[in-house]
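Take a look at the structure below.
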Amino acid sequence: MVNKTIWSEYTTFNNEKIKDLRIKMGANKIFAMGLMPVRGPIGFRKLDYEFAENTLDVIGVMNKLEECHFNTFGLVIKDTDGACTWDTNTGWNPIKRDLLGEFCDAGKDRNIHIMVSFTSMNDAYQGYVHPERVSVHGTKGKKFGKIYDKGEISTHDANEMRIDLPKGFSFEEYQKKIPFLTISEMKK
């Protein structure tokens, strides 16, 4: 298969910054893998808090990275839904687990560097808590020709991010964990 995309046309790198990163990491080449914990094991568009809370095997992930000679691990510690995956007193951590701390400890034990991604725009939880600060696209509060009011979820198309209701939970019970959850976000 021939790759028709020439990435250098889309992305440029400052070689001095890359050199600094290599020196800091003590590696000539960076081999990295990333993980979005609240996206679950199946798909990019599905949120799975139960997976991140109860099933994600941090040691297993890090052992596999070490086995495959990766030297860097990227972790999304705050996703677009607003879920924080570290021990926080001010953020919303629906999984009640410090994944950042767990991955940092496991990375230190294996000499694997940890890089994190922290999404602060399009945060559905903050939009729910602080409707006056809700993120809208563009300067006129429009997205795809539709005008959005403050507090209205404007960051994703309907049903783009969805969940399966875990066994043993009613919708109302699960809404206590995810206060902005609506029926339209659940798989029908």
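Using C-alpha pairs under 8 Å with a sequence gap of at least 6, the mean separation divided by the residue count of the range 8-71 gives a relative contact order of 27 percent.
Are any of the pairs K19/K46; K17/K64; K17/K46; K24/K64; K19/K108; K4/K29 more than 32 Å apart by Cα-Cα distance, and if so, which? Please list the in-between numbers first.
On the way: K19/K46 37 Å; K17/K64 29 Å; K17/K46 35 Å; K24/K64 23 Å; K19/K108 22 Å; K4/K29 24 Å.
As for pairs spanning more than 32 Å Cα to Cα, those are K19/K46; K17/K46.
Residue ranges 63-73, 47-57 sort as 47-57, 63-73 when ordered by packing (mean number of other C-beta atoms within 10 Å per residue, highest first).
Excluding N28 itself, what net charge comes from residues whose Cβ is under 11 Å from its Cβ, given Lys and Arg +1 and Asp and Glu -1? Summing Lys/Arg as +1 and Asp/Glu as -1 gives +3. Estimated at 0.36 nm per residue, the fully extended path between I6 and E172 surpasses their Cα-Cα distance by 54.9 nm. Database remark: amide H of L75 closer than 5 angstrom to the amide H of L35, M115, V116, S117 (H placed geometrically; neighbours at sequence offset of 5 or more, or on other chains; Pro and chain starts carry no H).
Listing D98, D81 from fewest to most neighbouring C-beta atoms within 10 Å gives D98, D81.
Values quoted throughout were computed directly from the atomic coordinates according to the rules given, and no laboratory measurement underlies them. Quantities reported herein were computed from a predicted structural model and do not represent experimental measurements. A quick note on method: Cβ atoms are made from the backbone with ideal geometry, for glycine too, and the neighbour counts reach across all protein chains shown.
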